[in-house]
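The values are calculated or read from the model by the stated rules, or taken from the named source; none is laboratory data. Nothing here was measured: the structure is a model prediction, and the numbers come from that model. Backbone-built Cβ (ideal geometry, glycine too); neighbour counts: all protein chains shown.
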Ligand code: DP6
(Lines give C-alpha, C1' and ligand atoms only; values in the text may rest on other atoms or scores of the structure.)
Protein backbone atom coordinates (compact mmCIF):
# COMPACT_ATOMS: atom_id res chain seq x y z
CA UNK A 1 0.00 0.00 0.00
CA UNK A 2 1.30 3.46 -0.84
CA UNK A 3 2.77 5.63 1.90
CA UNK A 4 0.39 7.40 4.29
CA UNK A 5 1.00 11.16 4.16
CA UNK A 6 -1.72 12.33 6.55
CA UNK A 7 -4.93 11.25 8.22
CA UNK A 8 -7.71 13.11 10.02
CA UNK A 9 -11.21 12.68 11.36
CA UNK A 10 -14.09 15.10 11.90
CA UNK A 11 -17.60 14.90 13.36
CA UNK A 12 -20.95 15.65 11.80
CA UNK A 13 -23.24 18.40 13.09
CA UNK A 14 -26.96 19.13 13.28
CA UNK A 15 -28.18 22.67 12.70
CA UNK A 16 -30.81 24.09 15.05
CA UNK A 17 -30.89 27.36 13.13
CA UNK A 18 -30.49 26.34 9.52
CA UNK A 19 -28.14 27.45 6.79
CA UNK A 20 -30.60 27.60 3.93
CA UNK A 21 -30.12 29.85 0.93
CA UNK A 22 -26.85 31.38 -0.24
CA UNK A 23 -25.91 34.91 -1.20
CA UNK A 24 -23.18 33.50 -3.42
CA UNK A 25 -22.86 29.90 -4.45
CA UNK A 26 -19.13 30.16 -5.09
CA UNK A 27 -17.61 29.79 -1.63
CA UNK A 28 -21.01 28.90 -0.14
CA UNK A 29 -21.76 32.27 1.45
CA UNK A 30 -24.85 31.77 3.64
CA UNK A 31 -27.94 33.97 3.43
CA UNK A 32 -28.21 33.83 7.24
CA UNK A 33 -26.22 32.81 10.29
CA UNK A 34 -26.70 29.26 11.63
CA UNK A 35 -26.14 27.41 14.91
CA UNK A 36 -25.30 23.72 15.29
CA UNK A 37 -24.59 21.03 17.82
CA UNK A 38 -21.57 18.90 16.91
CA UNK A 39 -22.38 15.19 16.74
CA UNK A 40 -19.20 13.87 18.30
CA UNK A 41 -20.09 10.18 17.83
CA UNK A 42 -20.75 10.42 14.08
CA UNK A 43 -17.39 10.79 12.40
CA UNK A 44 -15.73 10.69 9.01
CA UNK A 45 -12.15 9.50 8.56
CA UNK A 46 -9.85 10.55 5.72
CA UNK A 47 -6.39 9.31 4.75
CA UNK A 48 -4.15 10.86 2.11
CA UNK A 49 -1.70 8.42 0.51
CA UNK A 50 1.12 9.21 -1.86
CA UNK A 51 0.07 9.12 -5.52
CA UNK A 52 0.94 10.74 -8.86
CA UNK A 53 -2.52 12.25 -9.32
CA UNK A 54 -5.46 13.10 -7.10
CA UNK A 55 -8.07 10.34 -6.76
CA UNK A 56 -10.54 8.87 -4.29
CA UNK A 57 -11.40 5.41 -3.03
CA UNK A 58 -13.21 4.06 0.01
CA UNK A 59 -11.12 3.57 3.14
CA UNK A 60 -11.18 -0.07 4.11
CA UNK A 61 -11.08 -0.36 7.91
CA UNK A 62 -12.87 -2.71 10.26
CA UNK A 63 -16.10 -1.28 11.60
CA UNK A 64 -16.20 1.57 9.09
CA UNK A 65 -18.56 2.15 6.22
CA UNK A 66 -17.58 3.29 2.76
CA UNK A 67 -19.40 6.41 1.60
CA UNK A 68 -21.48 5.98 -1.52
CA UNK A 69 -20.08 8.69 -3.76
CA UNK A 70 -21.43 9.37 -7.24
CA UNK A 71 -19.03 10.42 -9.99
CA UNK A 72 -20.01 14.05 -9.35
CA UNK A 73 -19.56 13.52 -5.60
CA UNK A 74 -16.03 12.16 -6.10
CA UNK A 75 -15.11 15.04 -8.38
CA UNK A 76 -16.36 17.55 -5.84
CA UNK A 77 -14.36 15.84 -3.09
CA UNK A 78 -11.16 15.72 -5.14
CA UNK A 79 -11.61 19.32 -6.31
CA UNK A 80 -11.85 20.35 -2.67
CA UNK A 81 -8.55 18.63 -1.83
CA UNK A 82 -6.88 20.49 -4.69
CA UNK A 83 -8.40 23.78 -3.55
CA UNK A 84 -7.19 23.33 0.04
CA UNK A 85 -3.67 22.38 -1.09
CA UNK A 86 -3.54 25.41 -3.41
CA UNK A 87 -4.79 27.76 -0.68
CA UNK A 88 -2.12 26.45 1.69
CA UNK A 89 0.64 27.05 -0.84
CA UNK A 90 1.21 23.40 -1.78
CA UNK A 91 -0.19 23.41 -5.30
CA UNK A 92 2.11 20.55 -6.26
CA UNK A 93 0.62 18.17 -3.66
CA UNK A 94 -1.07 15.07 -5.05
CA UNK A 95 -2.57 12.15 -3.21
CA UNK A 96 -5.05 9.37 -3.14
CA UNK A 97 -7.89 10.26 -0.78
CA UNK A 98 -9.44 7.40 1.16
CA UNK A 99 -12.49 8.04 3.27
CA UNK A 100 -15.03 6.23 5.42
CA UNK A 101 -17.65 7.00 8.04
CA UNK A 102 -18.38 5.29 11.34
CA UNK A 103 -22.11 5.42 10.47
CA UNK A 104 -23.75 3.44 7.67
CA UNK A 105 -24.35 5.06 4.27
CA UNK A 106 -27.93 3.82 4.13
CA UNK A 107 -28.98 5.56 7.32
CA UNK A 108 -29.78 8.80 5.56
CA UNK A 109 -27.45 10.85 7.74
CA UNK A 110 -25.70 13.67 5.97
CA UNK A 111 -22.01 12.85 5.76
CA UNK A 112 -20.96 15.83 3.69
CA UNK A 113 -20.32 18.06 6.72
CA UNK A 114 -18.09 15.51 8.47
CA UNK A 115 -16.36 14.27 5.33
CA UNK A 116 -15.49 17.70 3.94
CA UNK A 117 -14.27 18.79 7.38
CA UNK A 118 -12.10 15.65 7.69
CA UNK A 119 -10.77 16.13 4.15
CA UNK A 120 -9.86 19.76 4.86
CA UNK A 121 -7.96 18.71 8.01
CA UNK A 122 -6.22 15.79 6.28
CA UNK A 123 -5.02 17.91 3.35
CA UNK A 124 -3.91 20.66 5.75
CA UNK A 125 -1.86 18.09 7.69
CA UNK A 126 -0.38 16.82 4.43
CA UNK A 127 0.66 20.45 3.76
CA UNK A 128 2.40 20.55 7.15
CA UNK A 129 -0.19 22.77 8.88
CA UNK A 130 -0.82 22.41 12.62
CA UNK A 131 -4.59 21.80 12.67
CA UNK A 132 -5.07 22.09 16.42
CA UNK A 133 -7.58 24.69 17.59
CA UNK A 134 -6.34 28.23 17.31
CA UNK A 135 -5.82 30.75 14.57
CA UNK A 136 -5.34 28.05 11.93
CA UNK A 137 -8.77 26.56 12.76
CA UNK A 138 -10.57 29.69 11.57
CA UNK A 139 -8.67 29.60 8.29
CA UNK A 140 -9.33 25.88 7.80
CA UNK A 141 -12.99 26.28 8.69
CA UNK A 142 -13.34 28.98 6.00
CA UNK A 143 -11.62 26.67 3.53
CA UNK A 144 -13.90 23.79 4.49
CA UNK A 145 -16.93 26.04 3.90
CA UNK A 146 -15.90 26.27 0.26
CA UNK A 147 -16.20 22.49 -0.11
CA UNK A 148 -19.55 22.20 1.68
CA UNK A 149 -21.00 25.07 3.70
CA UNK A 150 -22.16 23.21 6.80
CA UNK A 151 -18.76 21.49 7.18
CA UNK A 152 -17.23 24.73 8.50
CA UNK A 153 -19.19 24.22 11.74
CA UNK A 154 -17.78 20.70 12.24
CA UNK A 155 -14.38 22.14 13.19
CA UNK A 156 -15.81 23.43 16.47
CA UNK A 157 -17.42 21.61 19.38
CA UNK A 158 -19.83 21.22 21.09
CA UNK A 159 -21.62 24.28 19.66
CA UNK A 160 -20.75 26.21 16.53
CA UNK A 161 -22.12 29.42 15.15
CA UNK A 162 -21.49 30.35 11.53
CA UNK A 163 -21.86 34.00 10.63
CA UNK A 164 -20.87 35.64 7.37
CA UNK A 165 -17.30 36.15 8.60
CA UNK A 166 -16.89 32.45 9.40
CA UNK A 167 -17.66 29.79 12.01
CA UNK A 168 -16.58 29.79 15.64
CA UNK A 169 -17.28 27.93 18.87
CA UNK A 170 -19.98 29.28 21.18
CA UNK A 171 -19.36 29.30 24.92
CA UNK A 172 -21.92 29.28 27.71
CA UNK A 173 -24.45 26.89 26.16
CA UNK A 174 -25.44 23.52 27.71
CA UNK A 175 -22.57 21.02 27.95
CA UNK A 176 -22.50 17.64 26.24
CA UNK A 177 -22.88 16.00 29.66
CA UNK A 178 -26.32 17.63 29.95
CA UNK A 179 -27.53 16.50 26.54
CA UNK A 180 -28.44 13.39 24.57
CA UNK A 181 -28.91 13.38 20.81
CA UNK A 182 -30.90 10.77 18.91
CA UNK A 183 -31.66 10.58 15.22
CA UNK A 184 -34.71 8.54 14.32
CA UNK A 185 -33.86 7.08 10.94
CA UNK A 186 -37.14 6.56 9.11
CA UNK A 187 -35.66 6.21 5.63
CA UNK A 188 -32.20 5.57 4.25
CA UNK A 189 -33.11 6.47 0.68
CA UNK A 190 -30.91 8.84 -1.24
CA UNK A 191 -32.23 12.39 -1.39
CA UNK A 192 -34.09 13.25 -4.57
CA UNK A 193 -33.05 16.89 -4.12
CA UNK A 194 -29.54 17.50 -2.77
CA UNK A 195 -29.03 20.18 -0.14
CA UNK A 196 -27.01 22.24 -2.64
CA UNK A 197 -30.02 22.17 -4.97
CA UNK A 198 -32.34 23.02 -2.04
CA UNK A 199 -30.24 26.16 -1.38
CA UNK A 200 -30.79 27.23 -4.98
CA UNK A 201 -34.52 26.52 -5.02
CA UNK A 202 -35.69 28.03 -1.72
CA UNK A 203 -35.16 31.59 -2.95
CA UNK A 204 -38.04 31.01 -5.41
CA UNK A 205 -40.53 30.53 -2.54
CA UNK A 206 -42.79 33.44 -1.63
CA UNK A 207 -41.95 32.60 1.98
CA UNK A 208 -38.30 33.43 1.38
CA UNK A 209 -39.26 37.09 1.86
CA UNK A 210 -38.42 37.78 5.48
CA UNK A 211 -36.59 34.45 5.92
CA UNK A 212 -33.21 36.05 6.66
CA UNK A 213 -34.76 38.31 9.32
CA UNK A 214 -36.72 35.41 10.86
CA UNK A 215 -33.60 33.26 11.10
CA UNK A 216 -31.61 36.14 12.65
CA UNK A 217 -34.29 36.81 15.25
CA UNK A 218 -34.58 33.13 16.11
CA UNK A 219 -30.82 32.80 16.44
CA UNK A 220 -30.71 35.61 19.01
CA UNK A 221 -33.67 34.19 20.91
CA UNK A 222 -32.29 30.66 20.83
CA UNK A 223 -28.87 31.70 22.10
CA UNK A 224 -30.50 33.59 24.93
CA UNK A 225 -32.75 30.65 25.84
CA UNK A 226 -29.92 28.10 25.70
CA UNK A 227 -27.66 30.29 27.85
CA UNK A 228 -30.17 30.06 30.71
CA UNK A 229 -31.32 26.49 30.00
CA UNK A 230 -29.16 24.70 32.57
CA UNK A 231 -30.91 26.37 35.50
CA UNK A 232 -34.19 27.35 33.87
CA UNK A 233 -36.59 24.68 32.57
CA UNK A 234 -38.83 27.21 30.87
CA UNK A 235 -35.86 28.68 28.96
CA UNK A 236 -35.04 25.18 27.66
CA UNK A 237 -38.68 24.69 26.60
CA UNK A 238 -38.56 28.09 24.92
CA UNK A 239 -35.54 26.78 22.98
CA UNK A 240 -37.60 23.72 21.98
CA UNK A 241 -40.32 25.98 20.49
CA UNK A 242 -37.77 28.02 18.54
CA UNK A 243 -36.01 24.94 17.12
CA UNK A 244 -39.35 23.38 16.11
CA UNK A 245 -40.49 26.57 14.33
CA UNK A 246 -37.14 26.90 12.56
CA UNK A 247 -37.29 23.36 11.20
CA UNK A 248 -40.84 23.88 9.91
CA UNK A 249 -39.82 27.23 8.41
CA UNK A 250 -37.14 25.52 6.32
CA UNK A 251 -39.44 22.68 5.25
CA UNK A 252 -42.16 25.20 4.35
CA UNK A 253 -39.62 26.90 2.07
CA UNK A 254 -39.01 23.55 0.37
CA UNK A 255 -42.71 22.81 -0.05
CA UNK A 256 -43.45 26.27 -1.47
CA UNK A 257 -40.42 26.60 -3.75
CA UNK A 258 -40.96 26.59 -7.50
CA UNK A 259 -40.74 23.77 -8.36
CA UNK A 260 -41.68 22.53 -4.91
CA UNK A 261 -40.04 19.56 -3.25
CA UNK A 262 -40.06 17.91 0.16
CA UNK A 263 -38.52 15.24 2.33
CA UNK A 264 -41.30 14.05 4.64
CA UNK A 265 -42.29 10.38 4.62
CA UNK A 266 -45.00 8.84 6.85
CA UNK A 267 -42.36 7.79 9.40
CA UNK A 268 -41.23 11.41 9.80
CA UNK A 269 -44.73 12.47 10.85
CA UNK A 270 -45.07 9.47 13.14
CA UNK A 271 -41.86 10.36 15.01
CA UNK A 272 -42.71 14.08 15.15
CA UNK A 273 -46.11 13.31 16.69
CA UNK A 274 -44.58 10.99 19.27
CA UNK A 275 -41.96 13.56 20.22
CA UNK A 276 -44.61 16.22 20.52
CA UNK A 277 -46.28 14.07 23.18
CA UNK A 278 -43.05 13.68 25.15
CA UNK A 279 -44.14 13.96 28.74
CA UNK A 280 -41.24 15.31 30.69
CA UNK A 281 -40.72 18.73 32.18
CA UNK A 282 -38.05 19.39 29.55
CA UNK A 283 -39.25 18.89 25.98
CA UNK A 284 -36.78 17.73 23.28
CA UNK A 285 -35.32 20.09 20.67
CA UNK A 286 -36.69 18.52 17.48
CA UNK A 287 -35.40 19.27 14.01
CA UNK A 288 -35.05 17.79 10.53
CA UNK A 289 -32.37 18.49 7.95
CA UNK A 290 -32.85 18.28 4.19
CA UNK A 291 -34.02 14.69 4.63
CA UNK A 292 -36.82 12.62 6.20
CA UNK A 293 -35.07 11.66 9.46
CA UNK A 294 -35.88 13.33 12.73
CA UNK A 295 -33.22 14.60 15.13
CA UNK A 296 -34.00 15.18 18.79
CA UNK A 297 -31.78 16.72 21.46
CA UNK A 298 -32.91 15.64 24.92
CA UNK A 299 -32.03 16.96 28.35
CA UNK A 300 -30.34 14.18 30.31
CA UNK A 301 -32.85 13.91 33.16
CA UNK A 302 -32.62 10.99 35.57
CA UNK A 303 -35.47 9.21 33.80
CA UNK A 304 -34.43 9.98 30.21
CA UNK A 305 -33.27 6.44 29.39
CA UNK A 306 -36.50 4.93 30.66
CA UNK A 307 -38.63 7.34 28.64
CA UNK A 308 -36.47 6.84 25.55
CA UNK A 309 -36.75 3.07 25.88
CA UNK A 310 -40.55 3.38 26.07
CA UNK A 311 -40.64 5.62 23.01
CA UNK A 312 -38.35 3.29 21.03
CA UNK A 313 -40.57 0.33 21.88
CA UNK A 314 -43.73 2.20 20.91
CA UNK A 315 -42.22 3.26 17.59
CA UNK A 316 -40.96 -0.27 16.90
CA UNK A 317 -44.45 -1.65 17.46
CA UNK A 318 -45.81 0.71 14.79
CA UNK A 319 -42.87 0.68 12.36
CA UNK A 320 -40.11 -1.86 13.09
CA UNK A 321 -37.91 -0.43 10.31
CA UNK A 322 -37.18 2.79 12.25
CA UNK A 323 -33.54 2.86 13.41
CA UNK A 324 -32.17 4.82 16.33
CA UNK A 325 -28.67 6.33 16.22
CA UNK A 326 -27.10 8.33 19.02
CA UNK A 327 -24.99 11.29 18.00
CA UNK A 328 -22.97 12.14 21.12
CA UNK A 329 -19.95 10.24 22.44
CA UNK A 330 -20.17 9.02 26.02
C1 LIG B 1 -30.33 21.64 5.58
O2 LIG B 1 -23.77 22.33 3.67
O3 LIG B 1 -24.99 20.42 2.58
O4 LIG B 1 -28.33 20.69 6.41
O5 LIG B 1 -22.94 24.23 1.08
O6 LIG B 1 -24.22 23.31 -0.84
O7 LIG B 1 -22.69 21.81 0.47
P8 LIG B 1 -23.61 23.02 0.48
O9 LIG B 1 -24.85 22.64 1.42
P10 LIG B 1 -24.88 21.88 2.81
O11 LIG B 1 -26.28 22.43 3.38
C12 LIG B 1 -26.77 22.01 4.61
C13 LIG B 1 -28.18 22.42 4.75
C14 LIG B 1 -28.90 21.90 5.96
C15 LIG B 1 -28.92 22.93 7.08
C16 LIG B 1 -27.64 23.13 7.86
O17 LIG B 1 -26.86 22.18 8.05
O18 LIG B 1 -27.46 24.26 8.34
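Some observations on this one:
- Residues in the range 6-23 that are within 11 Å of the ligand (Cβ to nearest atom) and more than 20 Å from residue 221 (Cα to Cα): 4 in all.
- Within the range 25-59, being within 13 Å of the ligand (Cβ to nearest atom), under 26 Å from residue 129 (Cβ atoms) and either modelled with pLDDT of 95 or more or outside any loop (DSSP other than H, G, I, E, B) (or both) holds for 28, 29, 30, 34, 36, 38, 39.
- Flag for residue 150 being within 16 Å of the ligand (Cβ to nearest atom), part of a loop (DSSP other than H, G, I, E, B) and in contact (Cβ under 8 Å) with a residue 12 or more places away in the chain: no
Condition check ((1) farther than 23 Å from residue 243 by Cβ; (2) without any contact (Cβ under 8 Å) to a residue 40 or more places away in the chain; (3) assigned by TED's automatic domain parsing to the domain that holds residue 275) across all residues:
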| residue | (1), (2), (3) |
| --- | --- |
| 293 | no, no, yes |
| 298 | no, no, yes |
| 304 | no, no, yes |
| 307 | no, yes, yes |
| 313 | yes, yes, yes |
| 316 | yes, yes, yes |
| 319 | yes, no, yes |
| 322 | no, no, yes |
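- In the range 192-216, the qualifying residues are those that are assigned to a loop (DSSP other than H, G, I, E, B) and more than 10 Å from the ligand (Cβ to nearest atom), and the one that is modelled with the lowest pLDDT is 192.
- The number of residues in the range 160-191 that are part of a strand (DSSP E or B) and buried (at least 18 other Cβ atoms within 10 Å of the Cβ) comes to 12.
- Selection count where residues are away from the ligand (no atom under 11 Å from the Cβ) and crowded, with 20+ Cβ neighbours inside 10 Å, scope the range 275-293: 7
- Residue match in the range 231-243 (condition: crowded, with 18+ Cβ neighbours inside 10 Å and part of a loop (DSSP other than H, G, I, E, B)): no
- So residue 100, is it free of Cβ contacts under 8 Å to residues at least 60 places away in the same chain and closer than 22 Å to residue 23 by Cα: no
- The range 112-128, residues that are at pLDDT 95 or above and in contact with a helix residue (DSSP H, G or I) (Cβ under 7 Å, 6 or more places away or on another chain): 113, 114, 116, 117, 119, 120, 121, 123, 124, 127
- The set of residues in the range 68-91 that are surrounded by fewer than 17 Cβ atoms within 10 Å (Cβ to Cβ), modelled with pLDDT under 95 and part of a loop (DSSP other than H, G, I, E, B) comprises 68, 70.
- Filter result (within 22 Å of the chain's Cα centre (by Cα), outside any helix (DSSP H, G or I) and in contact (Cβ under 8 Å) with a residue 40 or more places away in the chain) within the range 253-287: 261, 263, 265, 283, 284, 285, 286, 287
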